[in-house]
Structure formats: C-alpha cells, structure tokens
1. Looking at region 106-153, which of its residues are within 14 Å of Tyr291 (Cβ to Cβ) and among the β-branched types (Val, Ile, Thr)?
2. Pick from region 117-132 the residues that are surrounded by fewer than 19 Cβ atoms within 10 Å (Cβ to Cβ) and touching a helix residue (DSSP H, G or I) at 6+ places or on another chain (Cβ under 9 Å): which of them is modelled with the lowest pLDDT?
3. Cβ contacts < 9 Å: first residue over 16 Å from Phe246 (Cβ atoms), restricted to region 3-30; second residue crowded, with 22+ Cβ neighbours inside 10 Å and modelled with pLDDT under 95, any location; separation 6+ or different chain. Result?
4. Quick check on Glu298: is it out of contact with any strand residue (DSSP E or B) (no Cβ under 7 Å at 6 or more places or on another chain), of a type in the set (D, E, K, R) and under 20 Å from Cys391 (Cβ atoms)?
5. Filter region 234-243 down to residues that are buried (at least 24 other Cβ atoms within 10 Å of the Cβ) and either of a type outside the set (Gly, Ala, Ser) or assigned by TED's automatic domain parsing to the domain that holds Asp412 (or both), then give me how many there are.
6. Restricting attention to region 258-276, report how many residues are crowded, with 18+ Cβ neighbours inside 10 Å and either within 19 Å of Leu165 (Cα to Cα) or touching a residue at least 60 places away in the same chain (Cβ under 8 Å) (or both).
7. Quick test for you: out of Trp152, Trp104, Trp97, pick the one residue that is buried (at least 18 other Cβ atoms within 10 Å of the Cβ), in contact (Cβ under 8 Å) with a residue 24 or more places away in the chain, assigned to a helix (DSSP H, G or I) and touching a Lys or Arg at 6+ places or on another chain (Cβ under 7 Å).
8. Under the condition of being in contact with a Ser or Thr (Cβ under 8 Å, 6 or more places away or on another chain) and assigned to a loop (DSSP other than H, G, I, E, B), which residue from region 176-192 is farthest from Asp371 (Cα to Cα)?
Amino acid sequence: MSKTTIHWFRRDLRLRDNPALSDAAQEGSVICLFILDDEDAGTQATGAASRWWLHHSLAALTEALKQRGGRLILRRGKAGKIIPDVVSETGADRIVWNRLYEPWSIQRDKQLKSDLTDLGIEADSFASDMIREPWQVETKAGKPFSVFSPFWRAVQDQGDPPSPLPIPDRIYFHTGHVTTDRLEDWGLLPTKPNWAAEFEATWTPGADGAAARMAEFLSGPVNDYKDGRDFPARGATSLMSAPLHFGEVSPRQVWHATRSAMEAGDVRDAAGWSFLRELGWRDFNRHLLFYNPHTVTENFRDNFDSFPWRDDETALEGWTRGRTGYPLVDAGMRELWRTGIMHNRVRMVVASFLVKHLLIDWRQGEAWFRDTLVDADLANNVGGWQWTAGCGADAAPYFRIFNPVAQGEKFDPKGDYIRRWVPELGALPDKYLNKPWEASDKVLAEAGVALGKTYPKPIVDHADARKRALAAFEETKLKQETN
C-alpha cells in the first residue's frame with residue numbers, strides 16, 4: 001500500500017535543497033503543511049516585521065507548489081494538536097520536517113515525535129538549517145565551543161558541506177480533500193497604519209527572490225565585502241539574512257554557490273571566505289543556543305546578573321524612534337523602522353548605545369529587534385545582543401564602548417547614509433554631520449537645523465555615559481569578587 005507523508009514546512013520555505021521534502025517525495029503521496037504555531041512559541045513568536053515577510057514567502061511557496069500541481073495546507077494553532085488532526089483527516093502514515101534549534105522548537109518537536117510514535121505514526125527530522133549540526137562540531141576535548149575563532153577553524157577543517165539537493169523530479173501530491181486556512185485571514189500584514197509601505201520596494205520574499213539576490217551579490221558586490229561591509233552606504237552586504245532565516249535558501253546553497261564562484265575566479269578568495277565566515281557566525285550562534293538554551297532570557301556570563309540596568313522609558317523611546325541626537329544611531333533606527341533591516345556595523349553601534357550609553361537591559365533591545373527586523377532570528381539576535389553587552393560567549397569586552405560620533409566619521413565619511421535616513425541634517429557640512437551640537441548658530445541656521453526642535457539634542461553626553469558605564473561594570477565586578 002502506498003504511503004502518505006506529511007511534509008511539515010517550517011523555516012524551510014523552498015523546494016530546492018529541502019531534505020525532508022526530498023525524502024517525502026521518494027515514496028507515495030505528499031501533503032504539504034504549514035502551521036503558524038504562536039502558542040508554543042510564546043514570547044519568541046514571529047515579530048511584526050517578520051510576519052510581513054512570512055506572508056509573502058508563504059504566498060510564493062503556495063505558487064511554486066501550485067505550478068507543480070500541489071497545494072500548501074495552512075493551519076494555525078498548536079502543532080501538537082493540528083498534526084494529529086491532519087493525520088486523522090488524511091490517513092497519513094508518516095510526517096517529516098527539517099530541524100530547528102530554538103529551545104521551544106526542540107521541546108515541542110521531541111514531544112510531538114514521541115506522541116506520534118505512540119500513535120503508530122512514523123516521524124523523521126532532517127538537517128537543513130546549518131552548515132553542520134551543533135553536535136558535529138566540538139573541541140578536541142569533545143565539548144561545545146564558546147569562542148568563535150576555533151569554532152570556525154573546526155568547521156573549515158571539515159571541508160565543504162554536502163552538495164545541495166535538487167528539486168525532486170516528481171512529487172505525487174495527495175489528492176484528497178484537506179481543509180486549509182486562507183493566508184489573508186491570518187492578518188500577517190499591517191493595515192492601518194501600514195508601517196511596511198516601503199518594504200516592498202526593498203524586498204522580494206520567496207525562493208526566487210532569494211536566488212536572484214544571491215546571484216546578484218555573487219556577480220560583483222561580494223568582491224567589496226571584506227573591506228566594504230563596514231560602510232553602510234556602500235551596498236557591499238549580501239542582504240541574505242532574511243532569506244536564510246525563512247529557509248528560502250539553505251546555508252549549503254549559499255556555501256556552494258560562493259565556493260563555485262571562487263573556483264571560477266569570479267570571486268576573490270579573501271572576499272569569498274570573509275562572506276562564508278558570516279555563515280559560520282550564524283552556525284556559531286545556533287551552536288551556542290543549542291547548548292545554552294537559558295541564554296534566550298539569561299546572561300551567558302552570570303557575573304552580569306547583578307549589573308545595574310536602568311529603567312528609562314523616555315530614553316528607550318528616543319532610541320526606538322531614532323531621536324537620540326546622535327545621527328548615526330538615529331539613522332540606523334530609522335532605517336530599521338522603514339525597511340525592516342539595519343546595516344550590521346550600525347547594529348553594533350545602536351546596540352552598544354542602548355546598553356552602554358543608556359544602561360538599558362539588552363533584553364529590551366533584543367525584543368525591539370525581534371519585532372522590527374524582517375530577519376529577526378532568535379539565535380543571531382540573542383547572540384548579537386549578548387556579545388555587545390559583554391555578557392555573552394566570546395563577547396566584546398565591556399569597556400569597548402562604541403563612540404557613535406567616531407563610528408559615523410570613520411564608516412560614513414561622506415555622510416551618505418546619515419543624509420539618507422536623517423534628511424533634516426542633510427545641509428550640514430560634513431564636519432558637523434555627526435556632531436551637530438558643535439556647529440555654530442550661524443552654521444545651524446544656514447542648514448535649517450534647530451537643535452531641540454527640528455532635530456533633538458543628545459539625550460546623553462558620550463563622555464559622561466562612558467564613565468557611567470565603566471563605573472557600573474566595576475561595581476558589578478566588585479560585587480562578584482565579594483560574593
């Protein structure tokens with residue numbers, strides 16, 4: 001008797017290099033299912049900006065399946081209830097999925113696999129979201145890594161990952177009736193106000209959009225990546241983080257496409273490895289989260305548990321709205337709000353500003369990014385924020401406090417990035433663009449800038465904030481030493 005297999009799409013919204021789908025297609029018919037499981041995710045549920053992306057990515061996947069004679073079944077609720085319901089409705093014998101590594105996903109999937117086995121339903125999971133699984137990379141002592149550089153060397157020592165799988169030649173889709181939600185009824189898109197109005201000019205969600213973006217990046221911009229990736233106005237970054245997060249393209253696809261371009265001489269080795277290193281950083285954050293699930297909400301370094309974070313709603317709101325009075329910080333926060341993305345160098349600056357200049361808990365910044373980034377990824381988000389705060393694995397030293405003025409002058413020397421996102425300062429001379437408070441009244445008037453009116457005064461003085469942050473760190477160290 002022919003098998004019926006449910007392929008549970010999660011963050012693998014593609015047909016190419018989809019190990020679970022390829023396995024399902026080998027025998028019998030396939031039911032393609034996606035579940036919006038906010039209940040199990042809880043506070044880690046998909047944020048608002050990512051929901052915009054998810055809507056369009058699911059629409060693209062629906063169309064890709066339709067072109068092959070299939071359909072995507074949509075259900076909303078707890079996966080542990082919905083999957084047995086679909087099994088009962090369809091008589092499916094088996095379910096397959098590709099693994100995820102968030103703590104809540106792991107807990108849910110283990111329980112689900114156990115429950116399905118008790119029901120006599122076969123359940124299998126596959127590797128799809130990383131270059132190497134967390135347990136495949138370990139120290140010489142057989143332990144998990146907590147420092148990136150040796151982790152990355154260990155990944156490289158294992159050589160290239162397996163080649164990507166093609167789209168299955170044939171998928172025999174289940175033809176029986178299965179009820180499905182309407183994507184439009186899920187309300188993933190904003191309405192009034194439509195704060196995502198500019199997203200469509202920036203992004204093309206879906207596997208085709210991911211493939212086009214990767215091809216365009218590897219056709220030339222990647223060769224400026226190593227040196228240009230720190231300059232937000234240069235367009236030297238790949239913008240592949242959201243497609244990777246939603247699984248519209250796999251890490252193996254990105255790896256092999258880059259390596260092929262390097263071997264063909266189209267991509268310089270230094271540039272190619274610099275880019276692939278970021279895939280390694282992505283894996284490293286998953287590795288850390290897999291072995292340290294408590295770090296979703298707790299410090300990796302528990303000596304930071306007594307750190308004197310401040311509650312300052314006014315300062316937090318100024319930061320979220322891009323009204324801090326520091327042009328590079330404000331440019332980054334406004335880029336985030338309007339496009340759902342922020343340049344990586346600027347992310348470090350704005351994160352440092354929140355936790356060190358304002359002494360606001362990194363968890364508040366992580367929550368804001370999770371809601372406003374289209375590429376919001378729990379492992380990357382938590383890892384990045386804890387790295388910046390100094391409380392994470394392989395973290396930046398706490399005394400490394402980014403000077404937002406110096407960062408702007410170094411990495412946006414002509415002011416193109418700031419002028420794009422903070423246009424009210426556009427007429428200021430370059431000399432004052434990162435520090436408008438140093439301009440004379442005459443210069444400000446000629447540029448149409450009125451500090452405190454058309455553009456805010458700094459909400460904190462950099463030198464004073466730096467002293468306060470270092471004092472807080474010393475206080476934390478002293479408490480640790482006396483306990």
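The values are calculated or read from the model by the stated rules, or taken from the named source; none is laboratory data. Bear in mind the structure is a predicted one, so any value in this text is a computation, not a measurement. As a convention, Cβ positions derive from the backbone with ideal geometry for all residues, glycine included, and neighbour counts pool all protein chains shown.
1. Result: Ile106, Val137, Thr139, Val147.
2. Among those residues, the one meeting the criterion is Leu119.
3. none
4. So Glu298 passes the test.
5. Qualifying residue count, region 234-243: 1.
6. The number of residues fulfilling the criteria is 2.
7. Checking each option against the conditions leaves just Trp152.
8. Gly176
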